[in-house]
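To start, the structure itself, in structure tokens.
Throughout, read-outs are computed from the coordinates displayed, never taken from laboratory work. Only a predicted model underlies this, so the values are computations on that prediction, with no experimental measurement involved. Positions of Cβ are backbone-derived with ideal geometry, glycine not excepted, and every protein chain shown enters the neighbour counts.
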Amino acid sequence: MITVLAATLLVAGVSAVLAAILLVAERRLVAYGTCTIDINQGARTLEVEGGGTLLASLMANRIFIPSACGGRGTCAYCKVKVLEGAGPLGPTEEPLLSKEEVAANVRISCQCKVRQNVRIEIPEHLFSVKEYRARVETISDLTHDIKLLRIRLLDPDTLEFVAGQYVQLQAPAYGDNPDPVYRAYSMASPPSDSHVIELIIRLVPGGICTTWVFEMLKEGDEVLLNGPYGDFRLSDSQREMIWIAGGSGMAPFWSIIRHMDEKGIARKCTYFFGANKKRDMFLVDEFRAIEKKHDWFTFVPALSDPAAGSDWDGERGLITEVVDRRVEAGGEKEGYLCGSPGLINAAIKIIKAKGVPENCIYYDKFE
Amino acid sequence: MKRTPDEERVLERMAPGVLSRDGFLGADPRPLNEILATDQAEVDGLGVTHAAIAARLRAVLLAARDAFGRSVPVGEGLSAVYHEAMGRIPSPWPGEGVFPKGEIELADQRSGHTICYTPLSVHLIEAHGFYEGRGSRYRLEPSEICRMLGLGEASA
């Protein structure tokens with residue numbers, strides 16, 4: 001018995017020593033030294049300590065690549081084109097990249113280590129992305145499962161953005177969640193007040209960030225966010241617009257319509273907003289007020305499953321059915337879609353069938 | 001029994017707060033291998049396969065998904081609603097891609113019972129025979145699903 005115990009302790013001790021030797025060896029022998037990250041053909045050049053991930057190295061130098069999962073290689077937001085120096089594609093990257101992306105040297109930057117000099121390409125607008133410390137001014141209920149957050153920026157105290165863009169809000173570590181995570185939310189406020197942003201957030205059952213927002217976040221709390229991101233915005237054309245959204249897909253349109261109202265952008269527009277029951281509908285009075293003010297704007301809210309005997313006097317049916325009924329020739333129009341992938345895909349089908357050209361359809365898929 | 005590095009990684013990703021708030025194992029005290037083996041035995045005893053169960057759940061999901069939150073009939077006495085949500089969630093088994101968030105409520109008017117599952121649930125059942133741990137929001141009992149969906153010997 002004593003012999004067995006002694007043997008066990010000996011094996012454990014030897015294993016611990018070997019592990020320690022390996023750790024020290026990795027630190028001393030596998031030192032990558034200082035590596036250079038060349039961004040956009042010399043537009044920015046960073047000197048970083050080698051060995052870290054590309055994402056972490058960029059963030060340490062205040063270059064924020066979108067990332068929702070805190071570098072765990074699960075969200076696939078942090079794609080970066082690496083022209084040189086990335087090393088072979090890792091097994092955790094492959095499932096998150098299409099064949100075309102692999103062929104174009106796109107990498108998952110949180111899984112790609114900087115072990116030598118690298119050359120990368122990132123969209124120019126990411127140079128404008130900053131991290132913000134902010135304070136929650138108000139939290140209000142829009143529906144039973146959607147909240148409106150009004151957030152005042154503290155440091156920096158202004159955020160310049162284009163109506164339609166989004167930020168990433170950080171949910172800190174809490175409860176059983178050991179690490180902060182970021183989640184993307186479209187800004188619902190107009191760009192005119194650059195000191196404050198509004199976010200429309202819908203509760204995701206079991207969601208890490210939305211559970212924190214709904215159960216823990218309080219008015220007066222400080223939060224961290226970064227942005228602005230995204231290409232969803234009004235085009236430069238004068239084409240008549242069809243807007244289609246559901247649920248928290250309302251957010252960018254609430255920003256855009258108020259921006260249009262403030263700036264006198266009188267582009268003809270019909271906004272189709274779909275919800276299931278009356279309790280899921282929100283901002284109806286606010287949009288009706290804008291509709292009353294401007295003859296170029298038409299608001300069409302629709303319920304797909306109003307309760308029996310409901311006093312709902314708006315359109316009824318799936319929002320895609322309502323669009324199909326009410327939109328005629330679409331050849332000279334543009335489509336703007338925001339919501340779940342299922343809604344977007346169905347809406348694209350409908351408006352393409354109406355003649356809206358594919359290159360005139362813009363969308364922000366919540367995925 | 002000692003776990004392999006791959007198994008350790010899967011278990012890390014199943015823990016609360018890593019991929020979702022509550023994780024995938026609920027309050028189940030059993031090791032993952034035992035959860036899988038027990039459910040495998042139950043499915044074998046029902047005379048069905050994980051693939052058949054997953055296929056049926058997927059068919060329900062697709063029918064409900066196209067209704068954008070409206071309840072749809074999906075079989076005798078059955079109705080389903082798909083509540084879509086923003087974002088994607090990866091499989092706890094690394095390298096298997098990401099899946100839409102959101103959940104499907106499948107209600108059986110005959111028994112008054114309702115189950116909840118996700119697009120990821122369908123993949124986990126099909127690829128791994130994993131029905132989640134007991135106490136997890138999306139735990140599916142094989143015998144219960146088979147009874148609801150009219151599969152195998154549970155439907156007899």
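Of note:
- Counting only cysteine Cβ atoms and a cutoff under 4.7 Å, the protein assembly as shown contains unmatched residues A:Cys35, A:Cys78, A:Cys110, A:Cys112, A:Cys209, A:Cys269, A:Cys338, A:Cys360, B:Cys116, B:Cys146.
- Footprinting exposure proxy for A:His125, A:His144, B:His128 (fewest neighbouring C-beta atoms within 10 Å first): A:His144, A:His125, B:His128
- Average beta carbon contacts from partner chains per residue of B:76-83, 10 Å cutoff: 1
- Qualifying trypsin sites (Lys or Arg not before Pro) in the stretch A:189-293, where qualification requires a DSSP coil assignment and no more than 11 other C-beta atoms within 10 Å, comprise A:Lys218.
- Shape category assigned to the stretch A:240-365 from the gyration tensor of Cα positions, a/c cut at 1.5: oblate
- Panel order for A:Tyr77, A:Tyr185, by other beta carbons found within 10 Å of each beta carbon, from fewest to most: A:Tyr77, A:Tyr185.
- Here the stretch A:232-273 is described by how far its Cα atoms reach on the three principal axes: 26, 19, 16 Å, from widest to narrowest.
- The alpha-carbon atoms of the stretch A:218-306 define a convex hull whose volume equals 142 cubic angstrom per residue.
- Cα gyration tensor, the protein assembly as shown - rounded (a/c under 1.5), prolate or oblate: oblate
- Net length gained if the chain between A:Val11 and A:Ala103 were fully extended (0.36 nm per residue, minus Cα distance): 28.3 nm
- Filtered chymotrypsin sites (Phe, Trp or Tyr not before Pro), the stretch B:54-156: DSSP coil and at most 16 other beta carbons within 10 Å: none
- Among A:Ser15, A:Ser67, the ranking by other beta carbons within 10 Å of each residue's beta carbon, starting with the fewest, stands as A:Ser15, A:Ser67.
- As a ratio to 2.2 N^0.38 Å, the alpha-carbon radius of gyration for the stretch A:61-196 is 1.22.
- Dipole in debye (nearest 20) - chain A, about Cα centre, beta carbon charges: Lys, Arg +1; Asp, Glu -1: 460 debye
- Other residues lying with their Cβ under 13 Å from the Cβ of B:Leu19 contribute a combined charge of 0, Lys and Arg counting +1, Asp and Glu -1.
- Subtracting the Cα-Cα distance of A:Thr298 and A:Ser192 from 0.36 nm times their residue separation leaves 35.9 nm of extension gain.
- In a reduced charge model with +1 at each Lys and Arg Cβ and -1 at each Asp and Glu Cβ, chain B shows a dipole moment near 380 debye about its Cα centre.
- The stretch A:129-229: relative contact order as a whole-number percent, Cα under 8 Å and 6+ apart: 39 percent
- Three-way shape label, the stretch A:129-229, alpha-carbon gyration tensor, a/c 1.5: prolate
- More than 18 Å apart - percent of Cα-Cα pairs taken over the stretch B:31-156: 51 percent
- Here the sum of -39500 (n - 2.57) over DSSP H runs of 4 or more residues, divided by the residues of chain A, equals -8000 deg cm²/dmol at 222 nm, to the nearest 500.
- The protein assembly as shown: antiparallel DSSP beta bridges as a percent of all, rounded to 5: 70 percent
- Kyte-Doolittle mean at least -0.5, axial Cα span of 24 Å or more - DSSP H helices of chain A: A:2-29
- Under the criterion of Cα pairs below 8 Å and six or more residues apart, the relative contact order for chain B equals 25 percent.
- Given charges at beta-carbon only (K, R positive; D, E negative), |dipole| of the stretch A:129-229 in Debye: 140 debye
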